[in-house]
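Right, one structure below, let's go through it.
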Amino acid sequence: MLAVTGKFERINGDVHGSIAMIDTAGNLLPGYFQGTGCSGFFGDPLNTWHQTIIGIKPSHDGGYFIYGAYHGYDDGTTNDPSQALMSKLYGLNVGISEHTASPIQPLEIAPNPGNGGAVQLTVGTAPKHATLTIHDASGRVVWQEVWPAGAYTHTLRAGLLAPGTYVVRVQEEEQRTRYSGKLIVLP
């Protein structure tokens, strides 16, 4: 989703007053900014019409502010004909939620770089239910197996991987990466 601001009154014939929400293909998304948006005003010595949102900025509380040259604002949630120059957007949920993730710890890999022989992997805390996943340089999964329950170390078999650079991850049941490292296999 993209919030679009600027100097416009309508999108596809619908009044949006300088603000709208579109998808990445440029299609207008229903349910956002259902009011008339920003109202304009005549100003300056040349009696020029002003109805523009110049930009949108995040606020410290996770919301957003819009700012520009307008007088009056209605986004379907807030309708205030006296708002001008800057308004707080209420009820704008862009689908991104904050979550706290466990930090990813470094996965010890030895020898690294290796010559295709056995490789020893070591974690700091033994996972109970985890999967070892190896991705090639393009991100494709090339190997996956269960990490031994309660083990701090695991040995990859000799000759398992072709020469190249790989990302090795140890993921818990929830598909949350707990350990990660880069493995280089020499020819």
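Values in this text are rule-based calculations from the coordinates and carry no lab data. Nothing here was measured: the structure is a model prediction, and the numbers come from that model. Neighbour counts are summed over all protein chains in view; Cβ atoms, including those assigned to glycine, are modelled from backbone coordinates with ideal geometry.
Work out how far the C-alpha atoms of region 2-89 reach from end to end along every principal axis, then list the three figures in whole Å, largest first.
The Cα atoms of region 2-89 stretch 40, 33, 19 Å along the principal axes, largest first.
In what sequence do Lys182, Lys128 fall when counting other Cβ within 10 Å, fewest first? Can you show the working numbers first?
Details: Lys182 13, Lys128 10.
Listing Lys182, Lys128 from fewest to most nearby Cβ atoms yields Lys128, Lys182.
Using a Cα-Cα cut-off of under 23 Å, which lysines could be cross-linked to Lys7, ignoring same-chain neighbours fewer than 8 residues away?
Filter leaves Lys57, Lys88.
Please arrange Trp49, Trp147 by counting, for each residue, the other beta carbons lying within 10 Å of its beta carbon, fewest first.
Numbers: Trp49 12, Trp147 22.
Placing the least packed residue first, the sequence is Trp49, Trp147.
Please compute the Kirkwood hydrodynamic radius over the chain, one decimal place, Å, based on all pairs of different Cα atoms.
Numbers: mean 1/r = 0.0480 Å⁻¹.
Averaging 1/r across every pair of different Cα atoms and inverting gives 20.8 Å.
State the percent of C-alpha pairs, over all pairs in region 115-187, separated by a distance greater than 13 angstrom. Display every interim value, and only then the final one.
Details: 1683 of 2628 pairs.
Percentage above 13 Å: 64.
Chymotrypsin sites (Phe, Trp or Tyr not before Pro) within region 142-187: which are DSSP loop residues with at most 13 other Cβ atoms inside 10 Å?
On the way: sites: Trp143, Tyr152, Tyr166, Tyr179; in loops: Tyr152.
Here the chymotrypsin sites (Phe, Trp or Tyr not before Pro) that fit, given the DSSP loop and packing criteria, are Tyr152.
Of Ser82, Ser87, Ser180, how do they rank once you tally other Cβ atoms within 10 Å and put the fewest first?
Details: Ser82 7, Ser87 22, Ser180 16.
Going from sparsest to densest Cβ surroundings: Ser82, Ser180, Ser87.
Quick one: dipole size for the chain, taken about the Cα centre, charges +1 on Lys/Arg Cβ and -1 on Asp/Glu Cβ, in debye to the nearest 20. Write out the running numbers ahead of the final one.
Numbers: 11 positive and 15 negative charges, 140 e Å.
Result for the chain is approximately 680 debye, rounded to the nearest 20.
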